[in-house]
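Notes follow the structure.
The values are calculated or read from the model by the stated rules, or taken from the named source; none is laboratory data. The model shown is predicted, which means the values in this text are computed figures rather than measured ones. Backbone-built Cβ (ideal geometry, glycine too); neighbour counts: all protein chains shown. Surface areas here come from the heavy atoms of the whole protein model, side chains and all, with no ligands, DNA or RNA. Shrake-Rupley method; radii C 1.70, N 1.55, O 1.52, S 1.80 Å.
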Amino acid sequence: MAARATGFALLSSASVQEAHDFALIAQAATLKARIPFMHFCDGFRTSHEVQKVELLHEDDLKTLIDEELIIAHRHRALTPDRPVLRGTAQNPDVYFQSREGANSYYEACPGIVQEVMDEFGQQTGRYYKVYEYYGASDAERIIVIMGSGCETVHETVDYLNAQNEKVGVVKVRLYRPFDVRRFVEVLPNTVKSIAVLDRTKEPGSAGEPLYLDVVTAIHETNLKSSIHNLKSIVGGRYGLSSKEFTPAMVLAVFANLTQELPKNHFTVGIHDDVSQTSLAYDSNFSTESERVVRAMFYGLGSDGTVGANKNSIKIIGEETNNYAQGYFVYDSKKSGSMTVSHLRFGSQPIRSTYLINQANFIGCHQWEFLEKIDILKDAAYGATFLVNSPYNVDTIWQNLTEKVQQQIIDKKLKFYTIDANKVARESGMGGRINTIMQVCFFALAGVLPQDEAIQKIKSAIAKTYGKKGTDIVRKNLDAVDNTLANLHKVDINIQKLTSNSSLPTPNSTFIAAPEFVRDVLGKIMVWEGDNLPVSALPADGTFPTGTAKWEKRNVAAEIPVWDTDVCVQCSKCVILCPHAAIRSKIYHENELTNAPQNFKFTNVRDKDFTGQKFTIQVAPEDCTGCGICVDICPAKNKAEPQRKAINMELQLPLREQEKANWDFFLNLPIPDRTKLKLNQINQQQLQEPLFEFSGACAGCGETPYLKLLTQLFGDRP
């Protein structure tokens, strides 16, 4: 949208297949039209979607690309062999004329694009129009849209027309130059109301860009007499920053068009309680066929979940007649935060360019997610639920929250569990559980026969990891073989609701937090930001600082545990911790009066603090489990040479104990910074870090420097 005044022709693709095809169409058209082309698609929704497509071949390129036009284009290039002057600065007396001189090229451009699209269709069998109408021939309500939203509206139009509605959609492909005549010609004469949807906001304008183009087109062509039933044209905004756009929202837009005076300049997909622009919609409305396998996977960035799911799509897409689609939702934080994979498989082309909200398979690859994310809200009735759990089949039920238990019972879920971390460790794969969970999916989802699926997974492993060496391939193959023996079904028919007050509950972290953190950031942190109204967010974008300490991500399967007897108190582990999750303090013994029973301390070794106590404490819920502290620790346990003064241990059994220790540790006094020897690490690291718990990757090599700067120079460096 920001580039629409540059003079580039703008060609919009609405799907992965179109993005593939339009790359060729745009190249052929720009050579013929002599106008620069910008072929664009929706960032993330299309650019990051994995789809099964029909590939173009070299013969297709040769047929559509005229070599004489390439030669002509090269002859116009700037070259010292034929020197010319181009792009000069001009005075007001001739600039205006020179700008108008290119008009004929822009007037011819839409016809050239359509001509290329027709040639493309003859070559490939896939026909496109610069403005394409789809829907009932006698449609009364029409949505005009471009980009990936076209696919969602297309799917909804099919559903509604099957219910005897009269609706349609105009897909805008050539956005610039906007061909007024061609656009109006595709509108059915029966149309009574039109909604134009823009995926952008232009503050202060009379309307969003595409809406203004449509209004102008219908006004300028003076064809209202042929569209004699047209009563209203309204515009709306949707899907900014790749926000969800679903059939439920499309239905709301069509419903708005049935009103005598439809709401104009509306929004859909949000709750605008400030300007009252939003359309209400039923989030439970769905157009998806039950014949489509819809699977969701909750994984941890860097645990391999996304990579495994991409392999699954390739296996099903390439080895079967099924269509396949994959889309991956990432947190804005780096590796170590939650990723949600949305996979669809079916016998028909998939146009669902929106997230799954009725999944018949849900895989939770990290147990901690169940404690704070409502993972099962999108589970369909009778769906399969697979969880990677540290608890065995006999004890897992008692360790679920009452809410999760109730959801499993109410939705009659088929519940399976596996300790994938244990299988990964025993197979020599460390924390990479991707292959294990992939095998479980194929074993339970029934997309392919189990033996066939496992064989294809092994083939994919050899192809994917072959360059990394035979040892990596062997470990992955061992993990495949060890998986099914560790996969167990939980019989929910014999289970009863249990209320375990010791289990954490979602949002419990934010009870003591400031109001804005509790009511706004707290919702965002547990992936409920879609539910926030406009009034909840600051109009000028101003947020408080120092809020990461409330998040408590719990992403580490293992955390460092301090051994007081081995430690030399060098504090190297503290200075290198990327997230400020390990800290040291020196204090007087009388500060320990109310210390928790398991709080660790020892006599200080530094002679400057003789007679005082020393503690190294880990923030168990903020640690990312990178293990850098263990790597750097110079102190080895002589009795057990493989152990050091800091050793990684399972987080879950230690969490509650160390939470209490951490809270107590934070309340210990911080020494006077003016009395510390800042050229000695063990004393300098007693300073309070003001940069803590960032969203950086586990083991980040940059954040320790930022943390150190805040320690050395305070909050005003």
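Give the relative contact order (percent, whole number) for the chain; include only Cα pairs under 8 Å separated by 6+ residues.
9
Taking the Cα centre of each part, how many Å lie between the stretch 514-549 and the stretch 314-328?
Going from one Cα centre to the other spans 37 Å.
Can you pull the Kirkwood radius for the stretch 74-200, inverse mean 1/r over Cα pairs, to one decimal in Å?
Evaluated on the stretch 74-200, it is 17.8 Å.
Sorted by average packing, counted as other Cβ atoms within 10 angstrom per residue and highest first, what order do 84-91, 129-136, 365-372 take?
365-372, 129-136, 84-91
Over the stretch 359-428, what is the mean sequence separation of C-alpha contacts under 8 Å (at least six apart), divided by residue count, expressed as relative contact order in percent?
Rounded, it is 36 percent for the stretch 359-428.
Give the Kirkwood hydrodynamic radius (Å, one decimal) of the stretch 171-210, defined as one over the mean of 1/r across all pairs of different Cα atoms. Provide the component values of the computation, followed by the final result.
Numbers: mean 1/r = 0.0822 Å⁻¹.
Evaluated on the stretch 171-210, it is 12.2 Å.
In the stretch 486-642, with Lys and Arg counted as +1 and Asp and Glu as -1 at Cβ, which of these residues, THR624, PRO641, LEU497, has the Cα nearest the positive end of the dipole, that is, farthest along it?
Highest projection toward the positive end goes to PRO641.
Show me, for the stretch 96-111, the HN-Hα J-couplings you get by feeding each phi into the Karplus relation (A = 6.51, B = -1.76, C = 1.60, θ = phi - 60°), rounded to Hz, glycine and proline as x.
4, 4, 5, 5, 7, x, 8, 4, 4, 5, 5, 5, 7, 4, x, x
How much net charge surrounds ASN554 when only the other residues with a Cβ under 13 Å from the Cβ of ASN554 are counted, with Lys and Arg +1 and Asp and Glu -1?
Counting the neighbours of ASN554, the net charge comes to -3.
So how strong a dipole does the stretch 391-457 carry about its Cα centre when Lys and Arg Cβ are +1 and Asp and Glu Cβ are -1, to the nearest 20 debye? Present the calculation step by step, with values, prior to reporting the outcome.
Values: 8 positive and 7 negative charges, 36 e Å.
It comes to approximately 180 debye.
So if I average 1/r over every pair of distinct C-alpha atoms in the stretch 516-649 and take the inverse, what Kirkwood radius in Å does that give?
About 17.4 Å, per the Kirkwood formula over Cα pairs.
Please say if the stretch 289-347 is rounded, prolate or oblate, where rounded means a/c under 1.5 for a ≥ b ≥ c the square roots of the C-alpha gyration tensor eigenvalues, and otherwise the choice is prolate for a/b larger than b/c and oblate otherwise?
Here the stretch 289-347 falls in the prolate category.
Quick one: Debye curve from the alpha-carbon atoms of the chain only, equal weights, vacuum; give me log10 I(q)/I(0) at q = 0.07 Å⁻¹ to two decimals.
Scattering profile of the chain, log10 relative to I(0): -0.64.
Can you tell me the order of 604-617, 350-363 when each peptide is scored by its average per-residue count of other Cβ atoms within 10 angstrom, highest first?
350-363, 604-617
What's the center-to-center distance, using Cα atoms, between the stretch 145-176 and the stretch 335-383 in Å?
About 25 Å separates the Cα centre of the stretch 145-176 from the one of the stretch 335-383.
Would you please give the residues with an amide H less than 5 Å from that of ILE227, counting only those at least 5 places away or on a separate chain, with H modeled from the backbone geometry?
Those lying under 5 Å, H to H, from ILE227: there are none.
Quick one: accessible area per residue over the stretch 290-342, 1.4 Å probe, rounded to a whole number of Å²? Mind showing how you got there, number by number?
Values: 1980 Å² over 53 residues.
On a per-residue basis, the stretch 290-342 sits at 37 Å².
What's the magnitude of the charge dipole for the stretch 200-263 around its Cα centre, counting Lys and Arg as +1 and Asp and Glu as -1 at the beta-carbon? Answer in Debye, nearest 20.
140
Arrange the peptides 13-24, 704-715 so that the one whose residues have, on average, the most other Cβ atoms within 10 Å appears first.
Result, highest mean Cβ count within 10 Å first: 13-24, 704-715.
What do the square roots of 5 times the Cα gyration tensor eigenvalues come to for the stretch 339-471, in whole Å, largest first, as semi-axes of the equivalent ellipsoid?
Rounded to whole Å, the semi-axes are 26, 21, 13.
Would you list, by chain and number, the lysines whose Cα falls below 21 Å from the Cα of LYS314, excluding same-chain residues fewer than 8 positions away?
LYS52, LYS456, LYS458, LYS463, LYS467, LYS468
Nearest 20 debye, what's the magnitude of the dipole of the chain about its Cα centre given +1 on Lys and Arg Cβ and -1 on Asp and Glu Cβ?
In debye, rounded to 20, the chain gives about 1340.
How large is ³J(HN,Hα) for each residue in the stretch 625-631, as worked out from phi by the Karplus curve 6.51 cos²θ - 1.76 cosθ + 1.60 (θ = phi - 60°), to whole Hz, x for Gly and Pro?
x, 5, x, 4, 4, 5, 4
If you count only protein heavy atoms with a 1.4 Å probe, what accessible area per residue comes out for the stretch 1-146, rounded to a whole Å²?
With all protein chains present, the stretch 1-146 gives 58 Å² per residue.
Share of the stretch 1-76's accessible area from carbon and sulfur, percent, 1.4 Å?
56
How big is the antiparallel share of DSSP beta bridges in the chain, given as a percent to the nearest 5? Write down the numbers at each step before the final one.
Details: 42 of 81 bridges.
Among the beta bridges of the chain, antiparallel pairing accounts for roughly 50 percent.
Roughly how many Å is it from the Cα centre of the stretch 1-30 to that of the stretch 251-311, as a whole number?
26
Report, to the nearest whole %, how much of the accessible area of the stretch 253-365 belongs to carbon and sulfur atoms, 1.4 Å probe, protein only.
46
Counting other Cβ atoms within 10 Å, which trypsin sites (Lys or Arg not before Pro) in the stretch 1-57 have at most 10 and lie in a DSSP loop?
Answer by residue number: there is no such site.
Sequence-distant or interchain residues sharing an amide H contact under 5 Å with LYS644, placed H: which?
When sequence neighbours closer than 5 places are left aside, the close amide H contacts are ASN637.
Tell me which residues come under 5 Å, amide H to amide H, from HIS39 once H is placed; ignore anything under 5 positions away on its chain.
Those lying under 5 Å, H to H, from HIS39 are LEU11.
Between beta-carbons, use under 9 Å as the cut-off and find the net charge around GLN651, counting Lys and Arg +1, Asp and Glu -1. Can you show the working numbers first?
Numbers: positive: ARG655; negative: GLU368, GLU558, GLU621, GLU649, GLU658.
Overall, the nearby charge balance is -4.
Between THR305, ASN322, VAL340, whose Cα lies farthest towards the positive end of the dipole of the stretch 276-375 when Lys and Arg beta carbons carry +1 and Asp and Glu beta carbons carry -1, centred on the Cα centre?
ASN322
Tally Lys and Arg at +1 and Asp and Glu at -1 over the other residues with C-beta under 13 Å from the C-beta of GLY125: what net charge comes out?
-4
Out of SER289, GLN711, HIS73, whose Cα points farthest toward the positive end of the dipole of the chain (charges: +1 Lys, Arg; -1 Asp, Glu; placed on Cβ)?
Ranked along the dipole, the leading option is GLN711.
For the chain, what is the calculated [θ] at 222 nm in deg cm²/dmol (nearest 500), taking -39500 (n - 2.57) for each run of four or more DSSP H residues and dividing by its residue count?
Values: 22 runs with 225 residues, N = 717.
That calculation yields -9500 deg cm²/dmol at 222 nm.
Can you compute 3J(HN,Hα) from phi for each residue in the stretch 560-575, using the Karplus curve 6.51 cos²θ - 1.76 cosθ + 1.60 with θ = phi - 60°, rounded to whole Hz and x for Gly and Pro?
Karplus values, whole Hz, x for Gly and Pro: x, 10, 8, 9, 5, 6, 9, 4, 9, 6, 7, 6, 5, 5, 6, 5.
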